[in-house]
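The values are calculated or read from the model by the stated rules, or taken from the named source; none is laboratory data. These numbers come from a predicted model, not from an experiment. Cβ sites come from the backbone with ideal geometry, for glycine too, and all protein chains shown count toward neighbours. Surface areas here come from the heavy atoms of the whole protein model, side chains and all, with no ligands, DNA or RNA. Shrake-Rupley method; radii C 1.70, N 1.55, O 1.52, S 1.80 Å.
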Protein chains: 2
Amino acid sequence: EMRPYETNPSAIYAASFATVAAEARLDRFAPALHPLITRLIHSCGMVEIADRLAFSADVAFAGHHAMQSGAPILCDCEMVGAGIIRRYLPAHNQVIVTLNDPRTPDHAAKIENTRSAAAVEFWEPHIAGAIVAIGNAPTALFHLLELIDQGFPKPAVILGFPVGFVGAAESKAELAANPRGIDFVALRGRKGGSAMASAAVNALAAGLPEIKER
Amino acid sequence: EMRPYETNPSAIYAASFATVAAEARLDRFAPALHPLITRLIHSCGMVEIADRLAFSADVAFAGHHAMQSGAPILCDCEMVGAGIIRRYLPAHNQVIVTLNDPRTPDHAAKIENTRSAAAVEFWEPHIAGAIVAIGNAPTALFHLLELIDQGFPKPAVILGFPVGFVGAAESKAELAANPRGIDFVALRGRKGGSAMASAAVNALAAGLPEIKER
């Protein structure tokens, strides 16, 4: 016989967020950052990521303001887009993923970089003041920073969560060391992923509405 | 000036998979499991998850066989579906997500469980012999096991990667302790997520084609 389990969504959210607050010792961070850090931890089940976050002081305010102003959200892969809770977006913000644009493979060959990096170039018409959410490819983040150094328009916020063993730690270290005047949050090291990138978007869009809804 | 970074996709995959093999000491696992474990680790950047995987001995064979036979893939959320690489599916396998079925909210209220759990009931016409990929909700896995105990048709394989602080560890422990005769893989503890669930599907579908493609 299976043991009983919690089936009430409000109770599940409340217990989850309480565990995060206690174990991650959220009170060491500015209150404006609590929803962002809470959703990041909630998305991966790892309170220890709180110790390895890098961010600009104004990232929560800048992200919220951009969202409210209708900024589009540029994602490096379909999974990040799929994790964005559309009803939380305050201004019907567009969610844009160019990785599967039919021009991407040829453009990747031309610039001798990955498809993820090539796809970033197609963000140009949308990126000024936008929210960038990278949850997969280190080359997308590296190439974005390169393009910005060459005069590409700047986003309002970069949510930097590329994951893995080749370039992930390095690309996020480059962002944190020189954010080019852009507000940002990133998880140092190899860990990251699309769920974290989506969680960051959802936090900037709506905070923790699951708590207020109860 | 930014340091150079690796831009060649084949070189990135080769270096990533080599790091996984070495750091996770893959040779302690049966060769049939290597692609599955490699893709799981690659999806999250954490070699240490190899130590906390639970699985049935035949999961790789059973999963591959089901895929080849055209089994549908049932996912607990849109992100898992978005991470499945469609061109890797060997038999144009259907990817089914019922979480946003318009009947789900009412059904959740009726059964007094989460929307994720209610959505599992709509898998009934498809689930016999299917691949189940759970990357978000503990209640989806708990409720699936409950339904199977009540005579619900059995899938061929359960890929168990619910994540978080309430029920994730417990639901995966229940699966591992009593898999009801179903082949499975699960990550014990709080960690999990949609990227891991998708990675497991991609491994069962295609192994590591990035290596052969070089």
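Below is a table of values for the structure above.
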quantity: The one condition in (1) closer than 29 Å to residue B:141 by Cα; (2) touching a residue at least 40 places away in the same chain (Cβ under 8 Å); (3) more than 15 Å from the chain's Cα centre (by Cα) that residue A:8 fails to fulfil; calculated: (2)
quantity: Residue in region A:24-46 that is open to solvent by less than 40 Å² (accessible area, probe 1.4 Å), at pLDDT 95 or above, in contact with a Lys or Arg (Cβ under 9 Å, 6 or more places away or on another chain) and among the small types (Gly, Ala, Ser) present; calculated: yes
quantity: Residue among B:51, B:106 that is of a type in the set (Asp, Glu), within 27 Å of residue B:190 (Cα to Cα) and part of a helix (DSSP H, G or I); calculated: B:51
quantity: Yes/no for residue B:53 being modelled with pLDDT of 95 or more, surrounded by 20 or more Cβ atoms within 10 Å (Cβ to Cβ) and more than 9 Å from every other protein chain (Cβ to nearest Cβ); calculated: no
quantity: Only listed residue being outside any helix (DSSP H, G or I), of a type in the set (A, V, I, L, M) and away from every other protein chain (no Cβ under 11 Å), chosen from A:33, A:74, A:40; calculated: A:74
quantity: Matching residues in region B:1-19 - criterion: being part of a helix (DSSP H, G or I) and either of a type in the set (Phe, Trp, Tyr) or within 7 Å of another protein chain (Cβ to nearest Cβ) (or both); calculated: B:9, B:12, B:13, B:15, B:16, B:17, B:19
quantity: Residue list for region A:121-141, restricted to those being over 15 Å from the mean Cα position of the chain (by Cα) and assigned to a helix (DSSP H, G or I); calculated: A:121, A:139
quantity: When residues of region A:176-199 are limited to those that are of a type in the set (A, V, I, L, M, F, W, C), closer than 20 Å to residue B:44 by Cβ and within 14 Å of chain B (Cβ to nearest Cβ), the one most open to solvent (accessible area, probe 1.4 Å); calculated: A:195
quantity: Failed condition for residue B:80, given (1) part of a helix (DSSP H, G or I); (2) closer than 25 Å to residue B:39 by Cβ; (3) without any contact (Cβ under 8 Å) to a residue 60 or more places away in the chain; (4) not basic (Lys, Arg); calculated: (3)
quantity: So residue B:85, is it open to solvent by 40 Å² or more (accessible area, probe 1.4 Å) and of a type in the set (Val, Ile, Thr); calculated: yes
quantity: Verdict on residue B:69 being surrounded by fewer than 21 Cβ atoms within 10 Å (Cβ to Cβ) and of a type in the set (S, T, N, Q); calculated: yes
quantity: Residue A:204 being part of a strand (DSSP E or B), more than 14 Å from every other protein chain (Cβ to nearest Cβ) and either buried (at least 24 other Cβ atoms within 10 Å of the Cβ) or over 14 Å from the mean Cα position of the chain (by Cα) (or both); calculated: no
quantity: Residue within region A:199-210 that is free of Cβ contacts under 8 Å to residues at least 60 places away in the same chain and out of contact with any helix residue (DSSP H, G or I) (no Cβ under 7 Å at 6 or more places or on another chain) present; calculated: no
quantity: Near pairs, Cβ below 6 angstrom, 6+ apart or cross-chain, from region A:137-150 (closer than 15 Å to residue B:6 by Cα) to any residue that is in a helix (DSSP H, G or I) and of a type in the set (A, V, I, L, M, F, W, C); calculated: A:138/A:168; A:139/A:117; A:140/A:117; A:140/A:120; A:143/A:117; A:143/A:120; A:144/A:120
quantity: Test: residue A:85 is within 16 Å of the chain's Cα centre (by Cα) and more than 10 Å from chain B (Cβ to nearest Cβ); calculated: yes
quantity: Close pairs (7 angstrom Cβ cut-off, 6 or more residues apart or separate chains): more than 23 Å from residue B:13 (Cα to Cα) in region B:43-56, among the acidic types (Asp, Glu) and surrounded by 20 or more Cβ atoms within 10 Å (Cβ to Cβ) anywhere; calculated: B:56/B:183
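Each row is one residue, and each column tells you yes or no for (1) open to solvent by less than 30 Å² (accessible area, probe 1.4 Å); (2) within 13 Å of another protein chain (Cβ to nearest Cβ); (3) within 26 Å of residue A:46 (Cα to Cα); (4) among the β-branched types (Val, Ile, Thr).
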| position | (1), (2), (3), (4) |
| --- | --- |
| B:99 | yes, yes, yes, no |
| B:103 | no, no, no, no |
| B:114 | yes, yes, yes, yes |
| B:123 | yes, no, no, no |
| B:140 | yes, yes, yes, no |
| B:143 | yes, yes, yes, no |
| B:153 | no, no, no, no |
| B:160 | yes, no, yes, no |
